[in-house]
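The values are calculated or read from the model by the stated rules, or taken from the named source; none is laboratory data. Small disclaimer: the values here were computed from a predicted structure and weren't measured. Cβ atoms come from the backbone with ideal geometry, glycine included; neighbour counts cover every protein chain shown.
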Amino acid sequence: MTDNNPISHVFTKNHRLLTPCDFKRVFDTPAKKIHSEHLLLFVRAGQIKQMCPRLGLAITKKKLRQAVMRNRLKRLTREYFRLHCSGMEAVDVVLIVKKKYTKDIDLHGELTQIFKKLIADYPAKS
């Protein structure tokens, strides 16, 4: 079965920040910080050779005690990024949790809000 969709929605190794140096570069010199109530997105313009946006997740046990919650946030974030990365330019993005939260927080709503802001600020160049 072939996919006729010209836009590939995949999350490969090329779409991830892998080294501590990559994370440090984004944290030290962010071009923009995008806030929601519980989440913070650090954004930095990508390197010249970079062809696609990259995502890094820095979700600590201090802010989310339960591994189930940390893993769920990571899965949801990667999924939102995977679906929306074709609509943004090649930037490096790191997501952190600003303050503690519980199970009753609307993760989908916050991720939708934060990624809409990201795509509005860094749309894909045609």
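Total residues in segment 26-35 satisfying the condition of being surrounded by fewer than 18 Cβ atoms within 10 Å (Cβ to Cβ) and either over 16 Å from Lys117 (Cβ atoms) or touching a helix residue (DSSP H, G or I) at 6+ places or on another chain (Cβ under 7 Å) (or both): the figure is 4. Being closer than 16 Å to Leu111 by Cβ and at pLDDT 95 or above is a description that does not apply to Phe81. Kindly evaluate Arg44 against the criterion of being surrounded by 15 or more Cβ atoms within 10 Å (Cβ to Cβ) and within 11 Å of the chain's Cα centre (by Cα). The answer is no for Arg44. Right, Gly56: modelled with pLDDT under 90, surrounded by 15 or more Cβ atoms within 10 Å (Cβ to Cβ) and within 12 Å of Leu17 (Cβ to Cβ) or not? The answer is no for Gly56. State whether the residues of segment 85-92 include one that is out of contact with any strand residue (DSSP E or B) (no Cβ under 9 Å at 6 or more places or on another chain), under 15 Å from Leu118 (Cα atoms) and modelled with pLDDT under 90. Yes, there is a match, as at least one residue in segment 85-92 is out of contact with any strand residue (DSSP E or B) (no Cβ under 9 Å at 6 or more places or on another chain), under 15 Å from Leu118 (Cα atoms) and modelled with pLDDT under 90.
Looking across Lys74, Lys61, one residue alone is closer than 16 Å to Leu17 by Cα and of a type in the set (Lys, Arg). It is Lys74. Does Glu79 meet the test of being exposed (fewer than 15 other Cβ atoms within 10 Å of the Cβ), closer than 25 Å to Thr19 by Cβ and among the acidic types (Asp, Glu)? Spelling it out, Glu79 is indeed exposed (fewer than 15 other Cβ atoms within 10 Å of the Cβ), closer than 25 Å to Thr19 by Cβ and among the acidic types (Asp, Glu). In this structure, does Leu73 turn out to be at pLDDT 90 or above, farther than 24 Å from Thr29 by Cα and buried (at least 18 other Cβ atoms within 10 Å of the Cβ)? For Leu73, the condition - at pLDDT 90 or above, farther than 24 Å from Thr29 by Cα and buried (at least 18 other Cβ atoms within 10 Å of the Cβ) - is met.
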